[in-house]
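Structure record follows, encoded as structure tokens.
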Amino acid sequence: MYQAFLARNARSHRQGSRPVVGRDAAAEWLKVSSPDLIAVTGTGESARSGDFGYTYGTYTSKGAPRKGSYLRLWSGTLEGQWLIVTDVASPPPSLPR
């Protein structure tokens with residue numbers, strides 16, 4: 001399902017990894033490395049022009065205890081569809097001891 005919302009030239013950024021570029025590559029990377037992530041959108045907005053928007057929220061993992069935040073940049077198409085052009089996820093910062 002995630003793949004259906006990715007732009008053809010989407011970029012996926014994860015801490016400790018090189019960016020993954022392209023719809024198919026990003027979908028495959030997520031399927032292999034994080035198949036059980038659950039994202040919860042906090043909020044988002046779009047430009048008045050209807051061609052750019054963002055959403056952000058948190059993610060958790062059913063398997064290994066992972067959680068963090070994400071930001072997605074979206075592009076609106078002429079047909080009215082919204083596609084993810086950039087997806088950035090990051091674990092929470094380490095707390096000082």
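A few remarks follow.
- Cleavage-rule hits (trypsin sites (Lys or Arg not before Pro)) in segment 3-65: DSSP loop, at most 11 neighbouring Cβ within 10 angstrom: R48, K62
- Helix-only CD estimate at 222 nm, as mean residue ellipticity for the chain, using -39500 (n - 2.57) per DSSP H run (n ≥ 4): -3500 deg cm²/dmol
- Among beta bridges identified by DSSP and lying wholly in the chain, the antiparallel ones come to about 85 percent.
- Among the GluC sites (Glu not before Pro) within segment 1-82, those in coil by DSSP and having at most 14 neighbouring Cβ atoms inside 10 Å are E79.
- Gyration tensor (alpha-carbon) shape descriptor, segment 11-95, a/c threshold 1.5: prolate
- Close amide H partners of R66, meaning residues 5 or more places away or on another chain with modelled amide H under 5 Å apart, are S61.
- Degrees separating the helix 23-33 axis from the principal Cα axis of the chain, which is the longest one: 20
Bear in mind these aren't lab numbers, they're just calculated from the coordinates by the rules spelled out. Remember, it's a predicted structure, so these values are computed and weren't measured experimentally. Cβ coordinates were reconstructed from backbone atoms using ideal geometry, including for glycine residues, and neighbour counts include every protein chain displayed.
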